[in-house]
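Step one of this worksheet: look at the structure below.
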Amino acid sequence: MTAVSLGVPEVPVRPLARRRRSRKIQVGSVAVGGDAPVSVQSMTTTRTSDIGATLQQIAELTASGCQIVRVACPTQDDADALATIARKSQIPVIADIHFQPKYVFAAIEAGCAAVRVNPGNIKQFDDKVKEIAKAAGEHGTPIRIGVNAGSLDRRLLRKYGKATPEALAESALWEASLFEEHGFRDIKISVKHNDPVVMVEAYRQLAAQCDYPLHLGVTEAGPAFQGTIKSAVAFGALLSQGIGDTIRVSLSAPPVEEVKVGLQILESLNLKQRGLEIVSCPSCGRAQVDVYKLADEVTAGLEGMDVPLRVAVMGCVVNGPGEAREADLGVASGNGKGQIFVKGEVIKTVPESKIVETLIEEAMKIAEQMEADGVTSGAPAGTGKPAVTVG
């Protein structure tokens, strides 16, 4: 096989902003905060007491790139299942606790990587902080203080009238101060709201007043399309200012979809090394091929490819050749045929009916060469990941 140069064009990858300096905590095997990469989380939708179904969903999430998973614990049966799930999961498990403080202690004893508590709906939570801090400290279990607009402490609702950014930030900082009184600072904080504007301002205020790592989330973001837009806007606004250490995209959709969106957001901001990337044009009156069909077929044909590859699929002679030339692999289509580019050079011209087949074949060759050269999807930005552009 002829060797193919895999060097990408030298485009400097600059962060949008310097990361906020937060303290680092360890959630199982995943570092959160400090200089650790921003991690992606999701939450299971199974009943936690159904150990087999929960572990199966965790395995699916792990395969999709999820790094930390949260499981609900509303009943004693769920609490009883935590030890087995935490032991058998391939990624750190966080127990999600509401209403009953006794389950916080159960989760700590079960060996969960962390525990999320919602002070707003745990009766007399403040009275339990000393005991929780002691148990969590002895077991090395971090605590996430998760403040939600929908379950804000009544005292703060009376003070502010509604879940304002100030109310959310004050609630989180108050609870953190109670843990601090007992020498416990292994804390992560979230202040979620369903309105991205309120959510962004709450996190900005929080970031200015503490150094705890922050878990970003737009709560009840909605169905897949709406929730994706809300999360992308809110996370982009905060991460572009260096705010945020771990994220969860909340969608009314399967958890794996949350992970896909979260990873794509981080890749788009150059906070995560990009894997397979399809660059395709939106089509217009200049297009001489069905770009939508081409892009869909190429995407389907390359599904599962885990090397960092940019593929360009272009449909006209205006932007097509330039985009295809900049990608690792690309096609500029028109007049019933397509010019196939590999690393900026035209290697062949094929009939329109052969474009998809040819792109997939060339992508496989590049992937094989990359694997032989030791290039993987985890390679740092700018080290020669392949790219496919469709336009």
Report summary line: Phi-derived 3J(HN,Hα) across the stretch 367-373 with the Karplus relation (6.51, -1.76, 1.60, θ = phi - 60°), rounded Hz, x for Gly and Pro, is 4, 4, 5, 4, 4, 5, 8
Query raised in the report: Tell me, what % of the accessible area of the stretch 68-153 is carbon and sulfur with a 1.4 angstrom probe?
Result: 46 percent
Query raised in the report: Sorting Glu303, Glu175, Glu368 by accessible area (1.4 Å probe), largest first, what list results?
Result: Glu303, Glu368, Glu175
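Say R0 is 45 Å: what FRET efficiency, to the nearest 0.05, do Asp306 and Arg155 get from their beta-carbon distance?
0.35
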Query raised in the report: For the chain, modelled as a Gaussian network with Cα springs under 10 Å, which listed residue fluctuates most, Val259, Val32, Val197?
Result: Val197
Requested in this report: Arrange the residues Asp96, Asp50, Asp195 by how much accessible surface each exposes, largest first, with a 1.4 angstrom probe.
Outcome: Asp50, Asp195, Asp96
Query raised in the report: With every protein chain present, what accessible area does Cys281 have (1.4 Å probe, heavy atoms only), rounded to the nearest 10 Å²?
Result: 30 Å²
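Can you give me the relative contact order of the chain as a percent, contacts being Cα pairs under 8 Å and 6 or more apart? All intermediate terms of the calculation are to be shown ahead of the outcome.
Numbers: 893 pairs, mean separation 62.9, N = 391.
In percent, rounded to a whole number, it is 16.
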Query - At R0 = 25 Å, FRET efficiency that the Cβ-Cβ distance of Ser353 and Thr299 yields, to 0.05 - result: 0.85
Report summary line: Probe 1.4 Å, heavy atoms of protein chains only: per residue, the accessible area of the chain in Å² is 45 Å²
Report summary line: Taking 0.36 nm per residue of separation between Gln26 and Asp195 and subtracting their Cα-Cα distance, the length gained on full extension comes to 57.9 nm
Requested in this report: Choose one answer from Val356, Val256, Val218: the residue with the largest mean-square fluctuation in a GNM of the chain with alpha-carbon springs under 10 Å.
Outcome: Val356
Query raised in the report: With the chain treated as a Gaussian network of Cα nodes joined by springs under 10 Å, which of Thr141, Thr228, Thr358 yields the largest mean-square fluctuation?
Result: Thr358
Requested in this report: Place a +1 charge on the Cβ of each Lys and Arg in the chain and a -1 charge on the Cβ of each Asp and Glu, then give the dipole magnitude about the Cα centre in debye, rounded to the nearest 20.
Outcome: 1040 debye
Query raised in the report: Between Ser177 and Asp35, what length comes free when the chain is fully extended (0.36 nm per residue of separation minus the Cα-Cα distance, one decimal in nm)?
Result: 48.7 nm
Requested in this report: Multiply the residue separation of Glu368 and Ile229 by 0.36 nm, subtract the distance between their alpha-carbon atoms, and state the gained length in nm to one decimal.
Outcome: 46.5 nm
Report task. Determine which aspartates and glutamates satisfy two conditions relative to Lys348: a Cα distance under 17 Å, and not lying fewer than 8 residues away in the same chain. Result -> Glu323, Glu326, Asp328, Glu357, Glu361, Glu362
Query - From phi via Karplus (6.51, -1.76, 1.60), per-residue ³J(HN,Hα) for the stretch 199-213 in Hz, x at Gly/Pro - result: 4, 4, 5, 4, 5, 4, 5, 5, 4, 7, 10, 8, 10, 6, x
Requested in this report: State the answer as a single residue: which of Thr141, Thr228, Val279 lies farthest towards the positive end of the charge dipole of the chain, with beta carbon charges of +1 for Lys and Arg and -1 for Asp and Glu, about the Cα centre.
Outcome: Thr141
Report task. Using DSSP to define loop residues, name the trypsin sites (Lys or Arg not before Pro) in the stretch 47-132 whose beta-carbon has at most 12 other beta-carbon atoms within 10 Å. Result -> Lys123
Query - Positive-end residue of Ser240, Gly322, Leu251, charge dipole of the chain with Cβ unit charges - result: Ser240
Query raised in the report: Based on DSSP H runs of at least 4 residues, each adding -39500 (n - 2.57), what is the mean residue ellipticity at 222 nm of the chain after dividing by all its residues, to the nearest 500 deg cm²/dmol?
Result: -12500 deg cm²/dmol
Query raised in the report: Where does each of Lys293, Lys188 land when they are ordered by accessible area, with a 1.4 Å probe and the largest first?
Result: Lys293, Lys188
Report summary line: Here the residues of the stretch 43-64 lying in the modelled label zone of Thr84, meaning backbone nitrogen under 18 Å from a point 7 Å along Cα-to-Cβ, are 44-60
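The values are calculated or read from the model by the stated rules, or taken from the named source; none is laboratory data. The structure displayed is predicted, hence computed values, not measured ones. With ideal geometry, Cβ positions are generated from the backbone for all residues, glycine too; neighbour counts draw on all protein chains shown. These accessible areas exclude ligands, DNA and RNA; they are computed on the full protein's heavy atoms, side chains included. Shrake-Rupley method; radii C 1.70, N 1.55, O 1.52, S 1.80 Å.
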